[in-house]
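One structure is given here, and the rest of the page talks about it.
The values are calculated or read from the model by the stated rules, or taken from the named source; none is laboratory data. Quick caveat, the model's predicted, so the values are computed rather than measured. FYI the Cβ positions are ideal-geometry reconstructions off the backbone, even for glycines, and counts take in every protein chain you see.
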Amino acid sequence: MTATLTATGNAGVHVAAPGASVFVDAFWDAVPRLFGGHKPIPADPLPADLILVTHAHWDHFSADRVAEAAARTGAKVVGSADVIARLRGQVPDGSLVEMEPPEASGGAKAAAAEVTLGAATVAAYRTRHSRGHNSYLVRAGGFSFFHDGDSEDTRPLDVAHLAPVDALFLCPWQGSDWAAFVERLAPRKWFIIHLSPEEIADQRAGRFLPGLSDRVPLPDRTVALGPGERCDL
């Protein structure tokens, strides 16, 4: 079992898993003055069965680019009600999959909304960042990955429901308890996302994560990919 994981810029990834080709947050438009001029890589050559969108912020989602990719590949597009509303009229209704998991409240763990789409099972968790922010657990052909999106707090996520995970995509927010979450989940590899080119360089020089936390979880399993770089797992 081998999966190929490709960074497409910012938090965007493409996962070629057994039986399923999945994009997450891969279609967005850069603002030149931000991310050091960092732009998403062209994803046109890559196939897609599913396009997942965690939330509607510009650096994760462009309705026009998602619509173009869905038309080119025939992929189904998964997102919250806010994301799907922005795609109606551009993507056929039969290709839109709205996922609205319940809000976690009162210290309860986040519950999942789940759907099977072709060879992949997608579980969406409502996590804290912006209106309609989803994190996704995807399982296909014996391979599993979790994409945290822009979640600002990992504590509502129940590791027992997520594990085992082959690949974790996570942006480490200060105060979000991310280090303990990575250690408890213990993925085969975890990929730091939402990094600028300067932050990727800092990580490779051993400065980035130590600057955020008093401990670096699973350092031998930590990966920071630049746009267009790949990892086989």
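General remarks:
- A single entry from PHE181, PHE146 fulfils the requirement of being of a type in the set (Phe, Trp, Tyr), buried (at least 16 other Cβ atoms within 10 Å of the Cβ) and under 19 Å from ALA20 (Cβ atoms): PHE146.
- Consider segment 149-160 and keep the residues that are crowded, with 19+ Cβ neighbours inside 10 Å and free of Cβ contacts under 8 Å to residues at least 40 places away in the same chain. The one that is nearest to PHE61 (Cα to Cα) is SER151.
- Considering segment 29-54, and only residues there that are touching a helix residue (DSSP H, G or I) at 6+ places or on another chain (Cβ under 7 Å) and modelled with pLDDT of 90 or more, the residue that is farthest from ALA119 (Cα to Cα) turns out to be VAL53.
- Number of positions in segment 99-130 that are out of contact with any helix residue (DSSP H, G or I) (no Cβ under 6 Å at 6 or more places or on another chain) and either in contact (Cβ under 8 Å) with a residue 60 or more places away in the chain or under 27 Å from PRO18 (Cα atoms) (or both): 20
- Pairs where the first residue, in segment 216-233, is at negative phi and free of Cβ contacts under 8 Å to residues at least 60 places away in the same chain and the second is surrounded by fewer than 17 Cβ atoms within 10 Å (Cβ to Cβ) and part of a helix (DSSP H, G or I), C-beta under 8 Å, 6+ apart: VAL216/PRO210; PRO217/ALA180; PRO217/GLU183; ALA224/ARG204
- Search result, residues across segment 172-216 that are closer than 16 Å to ALA7 by Cα and of a type in the set (Phe, Trp, Tyr): TRP190, PHE191
- Taking the criterion of being assigned to a loop (DSSP other than H, G, I, E, B) and buried (at least 22 other Cβ atoms within 10 Å of the Cβ), the residues of segment 61-85 that qualify are PHE61, ALA75, SER80.
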